[in-house]
Amino acid sequence: MPNQSKSLEDVHESVQIKKGKFGKILSFFGPAYLISVGYMDPGNWATDLAGGSQFGYTLIWVLLMSNIMALLLQSLCTRLGIVRRKDLAQCNRETYPKGMNLVLYILAEIAIAACDLAEILGMAIGLNLLFGIDLIYGVLISFLDTFLLLYLQKLGMRKMELFIVGLITMIGLCFLTEMFLAKPDFGEVAKGFIPSIPNSAALYISIGIIGATVMPHNLYLHSALVQTRQIKRDDFSIKKALKYNFWDSAIALNLAFFVNAAILILASSVFHKNGYHDVAELSDAYRLLGTTLGTDLAPKLFAVALILAGQSSTVTGTLAGQIVMEGYLHLRINPVLRRILTRLLAVVPAVVVILIFGEKEVGSLLIFSQVILSMQLAFAVIPLIHFVSDKAKMGSFAINTTTKFFAWTIAFIISFLNAQLVYEEVNKWMANSESYTLNIFLVALEIGLLVLLLLTFFIPIMLKKNEENQKE
């Protein structure tokens, strides 16, 4: 029987560390690029477009702040995976009661399906805009990338990472060309890095930008991907691995920041400048790019980048699903079946909504996917900070007081903003619903999630106190 304790066992410690300083650094580069695609999903695009079209360059600083928050949290994931050689799901299984772990697992799977839903819709919209393919067929076509992922997994971890880096590079080139065509005022762009919130509407968009930044499945994924490297277990080697992985994260997330900033700058210089102040739909942005810039190249590049972003993100969704299933349940299933199940969980609601309500509701479905992701985020961030703060398990690699302060501050900000987003969206659904039963269910769901959140926070603290009392 295979060792169930290894994260992503098929590729666990499959990447050898090369000799020589440059070769050693390159050996660690890769995992963060798989993570960075989660920061470029259609949910981020929608908030970037809305922010740029409504407020010009004003909210670029929010993107930068979100990126710094994400970098800290992702660095905590790499620390957990490298030092403890366990991923976030495995650590949760060790810490929380069995029943609670099952709930956390279900929430994680729902979040992964919601993320997959956003990628499917993004790819389908891109195919529709570029080739005129109906959204329903675009959604079904996206099912075929199941086999692409399986092929990449056979090639090995490094080949998969190179594939993702290639897609990210192409997305970046698309937006670099778009920026050249849009001719933004870089003096005004620079002013956008000065923090300011003009009004309550800008605050709402800022909440959306920050809320869409950190994806919960990325926290599970990154803590597992760093274990694909063969790292010696002495303190010196671990310190080097932590440093090189931080560089990997910094470079990859800054590329993601460039893409998101480029979308916001594009929306500012093309839409806001020309009086289009209410552009949040991807299809609207596609059409307006052609009319305002007077060239077919800009909208085509936009659609190509959208397809590439959707395609790259599908790879990470399945890996994250594998990690949470093996980590929480110690259950391993055939990769083909795992991919098909993950994709069906996202394809079915997309097909149902398009068939019943039509293509006009696709935007609402995208928002719904972001709300689902927001509901899960705190349940990944809070345990993560607890685990990397534990000196008994992390030893000298436990985070210091300063890092802990910033981590908990970021966790509070993100959790609060996401909770506010969920609360507002649920209230909208209740206001538009005529079903008393549904409203009762939604209220009970909110209360249940709050109780679960409190348990997630306090259980590790109580366990630590019990261990200290037993030692005394």
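The values are calculated or read from the model by the stated rules, or taken from the named source; none is laboratory data. Remember, predicted model here, so these are calculated numbers, not experimental data. Glycine also receives a Cβ, built like all others from the backbone with ideal geometry; neighbour counts cover every protein chain displayed.
Pull up region 142-176, narrow it to residues that are β-branched (Val, Ile, Thr) and surrounded by 15 or more Cβ atoms within 10 Å (Cβ to Cβ), then point me to the one that is farthest from residue 9 (Cα to Cα).
Here the answer is 171.
Yes/no per residue for (1) in contact (Cβ under 8 Å) with a residue 40 or more places away in the chain; (2) in a helix (DSSP H, G or I); (3) within 22 Å of residue 87 (Cα to Cα); (4) more than 19 Å from the chain's Cα centre (by Cα):
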{"position": "309", "(1), (2), (3), (4)": "yes, yes, no, no"}
{"position": "318", "(1), (2), (3), (4)": "yes, yes, yes, no"}
{"position": "326", "(1), (2), (3), (4)": "yes, yes, yes, yes"}
{"position": "331", "(1), (2), (3), (4)": "no, no, yes, yes"}
{"position": "344", "(1), (2), (3), (4)": "no, yes, no, yes"}
{"position": "348", "(1), (2), (3), (4)": "no, yes, no, yes"}
{"position": "356", "(1), (2), (3), (4)": "no, yes, no, yes"}
{"position": "362", "(1), (2), (3), (4)": "yes, yes, no, yes"}
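Scanning region 368-409 for residues that are in contact with a Ser or Thr (Cβ under 7 Å, 6 or more places away or on another chain) and farther than 30 Å from residue 118 by Cβ turns up 398, 399, 404.
Taken over region 85-100, the criterion of being in a helix (DSSP H, G or I), in contact (Cβ under 8 Å) with a residue 12 or more places away in the chain and closer than 25 Å to residue 11 by Cα is satisfied by 88, 89, 90, 91, 92, 93. The criterion of being aromatic (Phe, Trp, Tyr), assigned to a helix (DSSP H, G or I) and free of Cβ contacts under 8 Å to residues at least 12 places away in the same chain does not hold for residue 379. Filtering region 437-466 to residues that are surrounded by fewer than 11 Cβ atoms within 10 Å (Cβ to Cβ) and more than 28 Å from the chain's Cα centre (by Cα) leaves 437, 462, 465, 466.
Please indicate, with yes or no, whether at least one residue in region 123-134 is surrounded by 24 or more Cβ atoms within 10 Å (Cβ to Cβ), within 22 Å of the chain's Cα centre (by Cα) and farther than 17 Å from residue 353 by Cα. Checking region 123-134: at least one residue is surrounded by 24 or more Cβ atoms within 10 Å (Cβ to Cβ), within 22 Å of the chain's Cα centre (by Cα) and farther than 17 Å from residue 353 by Cα. Close contacts from region 414-440, counting a first residue that is more than 16 Å from residue 372 (Cβ to Cβ) and free of Cβ contacts under 8 Å to residues at least 40 places away in the same chain and a second that is assigned to a helix (DSSP H, G or I) and among the hydrophobic types (A, V, I, L, M, F, W, C), with Cβ to Cβ under 6 Å and a gap of 6+ residues or different chains, come to 430/442; 439/430.
Scanning for something among the small types (Gly, Ala, Ser), over 27 Å from residue 387 (Cβ atoms) and outside any helix (DSSP H, G or I), does region 413-432 turn up at least one residue?
no
Do we find a residue being under 21 Å from residue 317 (Cβ atoms), surrounded by 12 or more Cβ atoms within 10 Å (Cβ to Cβ), of a type outside the set (Val, Ile, Thr) and modelled with pLDDT under 80 anywhere in region 383-394? No, the conditions are met nowhere in region 383-394. For region 281-307: of the residues being of a type in the set (D, E, K, R) and assigned to a helix (DSSP H, G or I), which is farthest from residue 39 (Cα to Cα)? Out of the qualifying residues, it is 287. Of the residues screened, residue 180 is not one that is in a helix (DSSP H, G or I), out of contact with any strand residue (DSSP E or B) (no Cβ under 9 Å at 6 or more places or on another chain) and within 16 Å of residue 49 (Cα to Cα).
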